[in-house]
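All remarks here apply to the structure that follows.
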Amino acid sequence: MIKIVVGGQIDKQAIAELAKKIGGDSVSIEVKSDLDAAMAMKSGQYDYYIGACNTGGGGALAMAMALLGSDLCSTVSMPGSIKDESFMIEEIQKGKKAFGFTAQHAEVVVPILIREFIK
């Protein structure tokens, strides 16, 4: 089972529900504050972090970047721009563990991420 923590500043519960719907029994999803989520990732309690904000990289990933380092974090969407699926897959294959996006893109981004996490 893949353990995912949802942080970020916007729509945490909705993102968690979407992730659970997509991942089903293959995922365990918890919602935490940004700081608690990043600290839990750093201590190895979760496999992946996902979070949303208005920019995709600020409030979605600030704490994760501070505690995990930018080499483990990836912004996969920004206002008006969603990275393509191949970019997201490549980021996961590179070992990235924390992903930020805009809440408006959750319906596109979360299914790709969850599907790749559970492969």
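Starting from residues that are outside any helix (DSSP H, G or I) and small (Gly, Ala, Ser), keep the ones in the stretch 19-44 and report whichever is least open to solvent (accessible area, probe 1.4 Å).
Filtering the stretch 19-44 for residues outside any helix (DSSP H, G or I) gives 27-33, 43-44.
Going one step further and asking which of them are small (Gly, Ala, Ser), we end up with 28, 33, 43-44.
Values: SER28: 33, SER33: 50, SER43: 75, GLY44: 57 Å².
Applying the filter and picking the extreme gives SER28.
Out of the residues in the stretch 98-119 meeting the condition of being surrounded by fewer than 19 Cβ atoms within 10 Å (Cβ to Cβ) and not β-branched (Val, Ile, Thr), tell me which one is farthest from the chain's Cα centre (by Cα). Quick ask: steps written out before the conclusion?
Going residue by residue through the stretch 98-119, those that are surrounded by fewer than 19 Cβ atoms within 10 Å (Cβ to Cβ) are 104, 107-108, 111, 115-116, 118-119.
Narrowing the set further to residues that are not β-branched (Val, Ile, Thr) leaves 104, 107, 111, 115-116, 119.
Details: GLN104: 14, GLU107: 13, PRO111: 11, ARG115: 12, GLU116: 12, LYS119: 16 Å.
Across the stretch 98-119, the extreme among qualifying residues is LYS119.
Please go through the stretch 45-59 and give me each residue that is modelled with pLDDT under 95 and in a loop (DSSP other than H, G, I, E, B), ordered by number.
ASN54, THR55, GLY56, GLY57, GLY58, GLY59
Quick test for you: out of ASP47, ASP71, pick the one residue that is surrounded by fewer than 19 Cβ atoms within 10 Å (Cβ to Cβ) and within 11 Å of the chain's Cα centre (by Cα). Give the derivation first.
Values: ASP71 fails: within 11 Å of the chain's Cα centre (by Cα).
Among ASP47, ASP71, only ASP47 is surrounded by fewer than 19 Cβ atoms within 10 Å (Cβ to Cβ) and within 11 Å of the chain's Cα centre (by Cα).
The values are calculated or read from the model by the stated rules, or taken from the named source; none is laboratory data. Since we're looking at a predicted model, the values are computed, not measured. Cβ atoms come from the backbone with ideal geometry, glycine included; neighbour counts cover every protein chain shown. Just the protein is used for accessible areas: all its heavy atoms, side chains included, with ligands, DNA and RNA removed. Shrake-Rupley method; radii C 1.70, N 1.55, O 1.52, S 1.80 Å.
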